[in-house]
Amino acid sequence: MAVKIVETSLRDGHQSLFATRMTTDEIVSMAKILDDAGYYALEVWGGATFDSCMRFLNEDPWERLRKIKAVCKKTKLQMLFRGQNILGYRHYSDDVVDMFCKKSIENGIDVIRVFDALNDIRNLRQAVKSTKKYGGECQIALSYTTSPVHTIDYYVNFAKEVESLGADSLCVKDMAGVLLPEDATKLFSALKKNTNLALELHGHCTGGICEMTYMAAIKAGCDRIDTSLSPLSGGTGQPSTQAFNSALKGTEFAPNLNEDVLHECEPIMDKVVSKYLASGTLNPKALTANPNILTYQVPGGMLSNLMSQLKGQNAMDRYDEVLREVPRVRKEMGYPPLVTPLSQMVGTQAVLNVLMGRYKIVAKEIKDYLHGKYGKAPAEIDQTIAKPIVGDDEIITCRPADLLEPEFESLKEKYADIAKSDEDVLSLALFENVATDFLKKKYAPKEENQTEEFNVIF
Ligand code: CO
């Protein structure tokens, strides 16, 4: 059967390679062309784009989505979001998750891909329910990782729960790029055998093995793959769209994308990439493979975070020690997959452990995690570590969001003087400081705007 392609260059591509800095104009100019290529969907929104839009580009993420929708008449638009965290870093109440799904779909999203860092199915339930309620297509992504508990059976059980939740499809999200071809064969064969869900694979080329893994997965029953238009592919990003379209030609899996359309987009994409290379936002290092991630099972983004934390502390000589500490902390924490926010949390704790002594200082987020505030850890947490930190405090064992009262109406009241729409309220709920600054500028009286422009010119 023909493999379907989800084009990621307009979301994950620039998020992975140049810190999510592609502008709305750049995205819209390419989306307009790509709409005719024959993709299953274009991933264009969510992830880090929402924050980055307001924080660095002074652009409204909701306006971006409406502009993309206006030029994409044929192809579905897809977004990524993190279960009960939506796009932020705390758990939101169910009514906020519901409103976010509603507004995303109203403004142009067709497919919502939702994941939870711990694969705690309870943190995904509301997002699936709301996406379906407003007529969206819902895909659950499992955060792929390796550990003694992350067996094929574990993933098959997860897939069965995803199916009973009413999701439309399942994506294996290999954010670190550590899924080996042979393991992909076993995993996709087992998923295909045990569920009726459409299956997708999302990988990263960071470790240098992703194309081989995609091929193995396709042969084992993977229905869709995530690829990025070259030259925005490879390195810390996804494999190349054009390469897969060519490699599968003449086989039963041929995606049959329109090559003329892809060619038409290439010079624009080239120009965009050159711009970010020249400005230094795109580090050429991000474009090559880093086999270290296969050794340490650490995502590429986390490696660069660790490096910058150590540089800040003038302690780059402890880098190898920190890399060895990461799997140790991860084991003690019950093997959480290293994806946002757990990758940052485990990484920071590993740095603290090496520089200050093991668990002498414990990050607040790790304390919350040990209190059950993020959900259930995949495996038992090491109590010799947890007990001195948690003491006699109560541990949450229910779904964390069950403890939250509905909050949308009170957020609306709180932001009444800045927000002019429910979309604005959601932006403020997710990124309060960034959205406050952004919306104040956006709604400033006209004279003030003109003065600002005047200042910029002279
Ligand atoms: Co990704």
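Simple spin-label model, 7 Å along Cα-to-Cβ: Val149 to Thr295 in nm?
Going from the Val149 label point to the Thr295 one covers 2.8 nm.
Check which residues have an amide H placed less than 5 Å from Val114's amide H, if you skip close sequence neighbours.
HN-HN under 5 Å from Val114: Phe81, Gln139, Ile140, Ala141.
What is the sum of charges, Lys and Arg at +1 and Asp and Glu at -1, for the other residues whose Cβ falls under 14 Å from the Cβ of Ile209?
Details: positive: none; negative: Asp174, Glu182, Asp183, Glu211.
Every neighbour counted, the sum reads -4.
What's the local net charge at Leu248, with K and R +1, D and E -1, over the other residues with C-beta under 14 Å away? List each step's numbers first, then the result.
Working: positive: Lys4, Lys219, Arg224, Lys249; negative: Glu211, Asp223, Glu252, Glu259.
Around Leu248, the surrounding residues sum to 0.
At 222 nm, what value in deg cm²/dmol follows for the chain if DSSP H runs of at least 4 each add -39500 (n - 2.57) and the sum is divided by all its residues, to the nearest 500? Walk me through the intermediate numbers first.
Working: 21 runs with 225 residues, N = 458.
Calculated from helices alone, the mean residue ellipticity at 222 nm is -15000 deg cm²/dmol.
Which links in Lys219/Lys376; Lys74/Lys376; Lys67/Lys129; Lys76/Lys446; Lys103/Lys193; Lys173/Lys331 stretch past 30 Å when you go from one Cα to the other?
Lys219/Lys376; Lys74/Lys376; Lys76/Lys446; Lys103/Lys193
Can you give me the % of accessible surface on the stretch 289-388 that is carbon or sulfur? Probe 1.4 Å, all protein chains present, nothing else counted.
About 51 percent, which is the carbon plus sulfur part of the accessible surface.
Taking a probe of 1.4 Å, how large is the accessible area per residue of the chain, in Å²?
42 Å²
Would you calculate the separation in nanometres between label points at Ser279 and Arg90, each defined as 7 Å from the Cα along the Cα-to-beta-carbon direction?
Taking the two extended label points, one gets 3.2 nm.
Give, in nm to one decimal, the length gained when the segment between Ala416 and Asp317 is fully stretched (0.36 nm per residue of separation minus the Cα-Cα distance).
Extending this stretch completely gives an extra 30.6 nm.
Distance between Cα centroids, the stretch 88-108 to the stretch 238-266: provide it in whole Å.
Cα centres, the stretch 88-108 to the stretch 238-266: 34 Å.
Could you please report the charge total around Asp317, scoring K, R as +1 and D, E as -1 over all other residues with beta-carbon less than 15 angstrom from its beta-carbon?
With Lys, Arg at +1 and Asp, Glu at -1, the net is 0.
About its Cα centre, what dipole magnitude does the stretch 317-401 give when the only charges are +1 on Lys and Arg Cβ and -1 on Asp and Glu Cβ, stated in debye to the nearest 20?
Numbers: 13 positive and 12 negative charges, 19 e Å.
It comes to approximately 100 debye.
Suppose R0 equals 45 Å; then what is the FRET efficiency for Asp260 and Lys193 from their Cβ-Cβ distance, rounded to the nearest 0.05? Write down the numbers at each step before the final one.
On the way: r = 39 Å, r/R0 = 0.86.
For R0 = 45 Å, the calculated efficiency reads 0.70.
If the only charges are +1 at each Lys and Arg Cβ and -1 at each Asp and Glu Cβ, what is the size of the charge dipole of the stretch 243-334 around the Cα centre, to the nearest 20 debye?
Working: 10 positive and 11 negative charges, 100 e Å.
About 480 debye.
The values are calculated or read from the model by the stated rules, or taken from the named source; none is laboratory data. Quick caveat, the model's predicted, so the values are computed rather than measured. Every residue, glycine among them, receives a Cβ derived from its backbone with ideal geometry; neighbour counts consider all protein chains shown. Just so you know, the surface numbers come from the protein's heavy atoms only, side chains and all, with ligands and any DNA or RNA stripped out. Shrake-Rupley method; radii C 1.70, N 1.55, O 1.52, S 1.80 Å.
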